[in-house]
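One structure below.
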Amino acid sequence: MTLQELGESLHGCQRCKLSGLGRSRVVFGTGNPKAAVMFVGEAPGFHEDRQGEPFVGAAGKLLNDLLQSAGLSRAEIYIANVIKCRPPDNRDPEPDEVETCKPFLLQQIDLIKPKLVCTLGNWATQTILEKKVGITKIRGQAIRLKDFVVFPLLHPAAALHQGNLREPLHEDFRKLKAYLDQLNTPAPPGQPAQPSASATSAECQPAQMDLFGS
Ligand code: SF4
């Protein structure tokens with residue numbers, strides 16, 4: 001199955017109760033289908049539901065600025081959400097909705113094969129890591145999973161609602177840029193071309209892989 005076919009297969013999806021709670025459309029994802037870097041958010045909001053694309057409202061504009069600050073562009077990355085339909089009144093996704101929709105996110109990752117998955121906020125981070133760990137504890141760190149590296153970041157919408165999170169959000173993207181810069185810097189002769197990274201969780205291993213070299 002291709003990414004496009006997967007997206008088409010979800011048109012009109014009614015697998016969870018969000019299909020009957022006022023969503024306009026399924027918001028599958030957008031961007032480079034062969035992206036090395038993928039961003040994962042929580043769920044579509046009002047503007048995303050109307051336009052059918054993730055991160056197109058105020059949070060999307062902020063994300064675009066943050067991407068630029070990290071040397072990335074929307075055209076080269078892929079963006080999707082854990083949940084493909086807008087929860088009513090932008091409430092948090094419920095566990096049964098995450099469980100039902102999560103397989104489609106995992107299929108997207110399988111098809112795109114990103115080397116780095118940047119999770120935005122608690123929901124995306126916990127879904128990808130399959131672990132109840134607070135975003136404030138592990139944000140800004142590269143964590144290796146079996147097939148890719150996870151880089152948790154604060155969610156731009158959180159910083160829009162809580163001004164005190166703006167600077168920490170920018171700090172997260174500065175760390176992301178530093179991580180990407182390390183990956184793009186040739187190692188001195190005789191030394192491995194690996195970035196350093198730390199992890200706070202015993203189960204989360206720091207990234208020690210060349211993301212863009214192979
Ligand atoms: S949120 Fe996901 S599982 Fe639920 S209806 Fe939308 S696409 Fe289907």
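The values are calculated or read from the model by the stated rules, or taken from the named source; none is laboratory data. What you are looking at is a predicted structure, and each value in this text was computed from that prediction instead of being measured. Ideal geometry is used to build each Cβ from the backbone, glycine not excepted, and the neighbour counts take in all protein chains shown. For accessibility, only protein heavy atoms count, side chains too; no ligands or nucleic acids. Shrake-Rupley method; radii C 1.70, N 1.55, O 1.52, S 1.80 Å.
Of the complete DSSP H runs in the chain, those spanning 20 angstrom or more by Cα along the long axis with a mean Kyte-Doolittle score not below -1.0 are 95-112. Expressed per residue, the C-alpha convex hull volume of the chain stands at 116 Å³. Using a probe of 1.4 Å, the accessible surface attributed to Lys113 totals some 140 Å² when neighbouring protein chains are kept in position. Taking all Cα pairs closer than 8 Å and separated by 6 or more residues, the relative contact order of the chain comes to 20 percent. For region 33-43, 3J(HN,Hα) computed residue by residue from phi via the Karplus equation (6.51, -1.76, 1.60; θ = phi - 60°) reads x, 10, 4, 7, 10, 10, 10, 10, x, 8, 7 Hz, glycine and proline entered as x.
Label positions at Lys132 and Gln51, each projected 7 Å from the Cα along the C-beta direction, are separated by 3.6 nm. Ligands, DNA and RNA aside, His11 has an accessible area near 140 Å² when probed at 1.4 Å.
When the chain is described by a simple charge dipole with +1 on each Lys and Arg Cβ and -1 on each Asp and Glu Cβ, the residue from Thr185, Val40, Asn90 located farthest towards its positive end is Thr185.
Each of Glu8 and Lys146 was given a label point 7 Å from its Cα along the Cα-to-Cβ line. The distance between the two points is 3.0 nm.
Between Leu160 and Asn64, the contour length at 0.36 nm per residue exceeds the alpha carbon distance by 33.2 nm. Bridge orientation summary for the chain: considering DSSP beta bridges with both residues in this region, about 30 percent are antiparallel. Between Asn184 and Lys17, full extension at 0.36 nm per residue minus the direct alpha carbon distance yields a gain of 55.7 nm.
Taken over the C-alpha atoms, region 78-186 has Rg and Dmax values of 14.3, 48 angstrom.
In a simple Cβ point-charge model (Lys, Arg +1; Asp, Glu -1; nothing else charged), region 48-103 has a dipole of about 240 debye relative to its Cα centre. Springs between Cα atoms under 10 Å define the GNM used for the chain, and in it the highest mean-square fluctuation of Gln68, Gln108, Gln14 occurs at Gln14. Remark: the chain carries a charge dipole of roughly 120 debye about the Cα centre, counting +1 on each Lys and Arg Cβ and -1 on each Asp and Glu Cβ.
Surface composition of the chain: carbon and sulfur atoms hold 50% of the protein heavy-atom accessible area at a 1.4 Å probe. Here the label points at Asp96 and Ala75, each 7 Å from Cα along the C-beta direction, are separated by 4.5 nm in the simple model.
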